[in-house]
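Novice: Below is one structure. I have some questions about it.
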Amino acid sequence: MKRLLICLPLSLLIGCQSNTTQMACNASESEWYEFGQNSAITGKSVRIFDAFKQQCAKQLTPTAQKSYIDGFSDGLISYCTFDNGFKRGQEGLELNQSCPLEIRQEFEKGYKIGKKTRDEKLKQAEFARREQLRSQQKKYVAPQKH
């Protein structure tokens with residue numbers, strides 16, 4: 001019974017993976033474009049397509065890669081902005097290098113400012129926490145008699 005409980009989810013997971021891969025292999029041009037765009041917007045590498053290229057082999061349409069790269073390029077324009085860099089910095093996420101040099105400067109500037117803002121907030125929170133601890137400790141220290 002225990003073995004069944006372990007094997008069943010694994011077999012379902014493996015089955016789902018092959019179905020997902022199969023669906024991707026048969027994707028339309030617009031779906032490849034959208035997939036490329038979403039990959040860029042979420043900060044992923046353009047190399048993700050290489051994995052599908054390997055898995056799908058000859059099932060890919062001749063225009064799949066072009067559609068993916070077109071979508072990825074458009075997604076980079078949306079992703080590599082000052083505002084998005086600021087947001088990633090504020091959230092404490094890594095500075096990834098997916099933005100091309102031509103548009104990376106604003107993204108990195110936003111990231112540095114966002115990270116600095118986050119770091120300052122963390123320092124202030126730590127200072128406030130320490131001050132609170134000190135004041136609590138003072139309350140519990142008994143007055144000394146001389």
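Novice: Of the residues S18, S39, S30, which is at pLDDT below 90, of a type outside the set (F, W, Y) and not assigned by TED's automatic domain parsing to the domain that holds C99?
Specialist: On the way: S39 fails: at pLDDT below 90; S30 fails: at pLDDT below 90.
Going through S18, S39, S30 in turn, the sole match is S18.
Novice: Can you say whether Q105 is outside any helix (DSSP H, G or I), outside the structural domain of E34 (by TED's automatic domain parsing) and free of Cβ contacts under 8 Å to residues at least 12 places away in the same chain, as far as the supplied structure shows? Break it down into steps so the answer makes sense when it comes.
Specialist: Values: outside any helix (DSSP H, G or I): no; outside the structural domain of E34 (by TED's automatic domain parsing): yes; free of Cβ contacts under 8 Å to residues at least 12 places away in the same chain: yes.
No: the conditions fail for Q105.
Novice: Working only within region 104-139, note down all residues that are loosely packed, with under 14 Cβ neighbours inside 10 Å and of a type in the set (A, V, I, L, M).
Specialist: L122, A125, A128, L133
Novice: List pairs: first residue in region 80-93 and over 16 Å from K44 (Cα atoms), second residue hydroxyl-bearing (S, T, Y) anywhere in the structure, Cβ distance under 7 angstrom, at least six positions apart or on different chains.
Specialist: Short answer, once both residue conditions are applied: F86/Y111; G89/Y111; Q90/T117.
Novice: Shifting gears a bit: Take N96 and decide whether it is in contact (Cβ under 8 Å) with a residue 40 or more places away in the chain and either surrounded by 18 or more Cβ atoms within 10 Å (Cβ to Cβ) or of a type in the set (S, T, N, Q) (or both). Write out each step before concluding.
Specialist: Working: in contact (Cβ under 8 Å) with a residue 40 or more places away in the chain: yes; either surrounded by 18 or more Cβ atoms within 10 Å (Cβ to Cβ) or of a type in the set (S, T, N, Q) (or both): yes.
Criteria met by N96.
The values are calculated or read from the model by the stated rules, or taken from the named source; none is laboratory data. Owing to the predicted nature of the structure, the values given are computational and were not obtained by experimental measurement. In this analysis, Cβ positions are derived from the backbone assuming ideal geometry, glycine residues included, and neighbour counts consider all displayed protein chains.
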